[in-house]
1. If I go through region 31-47 residue by residue, how many of them are within 12 Å of the chain's Cα centre (by Cα) and touching a residue at least 24 places away in the same chain (Cβ under 8 Å)?
2. Here are some conditions: (1) out of contact with any helix residue (DSSP H, G or I) (no Cβ under 7 Å at 6 or more places or on another chain); (2) among the acidic types (Asp, Glu); (3) closer than 17 Å to residue 96 by Cα. Residue 25 meets all but one. Which one does it not meet?
3. Conditions: (1) modelled with pLDDT of 95 or more; (2) within 16 Å of residue 12 (Cα to Cα); (3) out of contact with any strand residue (DSSP E or B) (no Cβ under 7 Å at 6 or more places or on another chain); (4) among the charged types (D, E, K, R). Residue 47 meets all but one. Number of the miss?
4. For region 11-30, which positions are free of Cβ contacts under 8 Å to residues at least 40 places away in the same chain and over 20 Å from residue 88 (Cβ atoms)?
5. Search region 65-85 for residues that are closer than 16 Å to residue 46 by Cβ and pair each with any residue that is outside any strand (DSSP E or B) and modelled with pLDDT of 95 or more when their beta-carbon atoms are under 6 Å apart and the residues are at least 6 apart or on different chains.
Amino acid sequence: MSDNPKVSQDQREKNVREALRSVVDPEIGMDVVTLGLVRQLDFSDDKLHVIMILTTPFCPYGPQIMEQTRRTAQEAAGVITTIEMGLEMWDPSMMEEGAADDWGLF
């Protein structure tokens, strides 16, 4: 998607989040959006900044997941994208509604 001014901010975010469903945590087998790891998408005219967290700060796949998230978001948004690891601790309650049921958590 190119940075088309006719596309609303909400639609841009929706498009990026949908694309990020292809980024899967290999240990858990669920995507970063369903897990609630993508905490914030900040758009400006010519760039996107993503804030995400990991399920554990010492996730062995952390750097790989973050870079894949950055590249996927950049491709979907059509603008330069940066990524930052947020400071929140992940909690299963951050998962999309119903996702934890499938995982057997609640």
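The values are calculated or read from the model by the stated rules, or taken from the named source; none is laboratory data. Treat the numbers as computed from the prediction; the structure is a model and nothing was measured. Every residue, glycine among them, receives a Cβ derived from its backbone with ideal geometry; neighbour counts consider all protein chains shown.
1. Total meeting the criteria: 10.
2. The number of the failed condition is (1).
3. The failed condition is (3).
4. Within region 11-30, 11, 14, 21, 24, 26, 29 meet the criteria.
5. 73/16; 76/15; 76/16; 76/19; 77/16; 81/70; 81/73; 81/74
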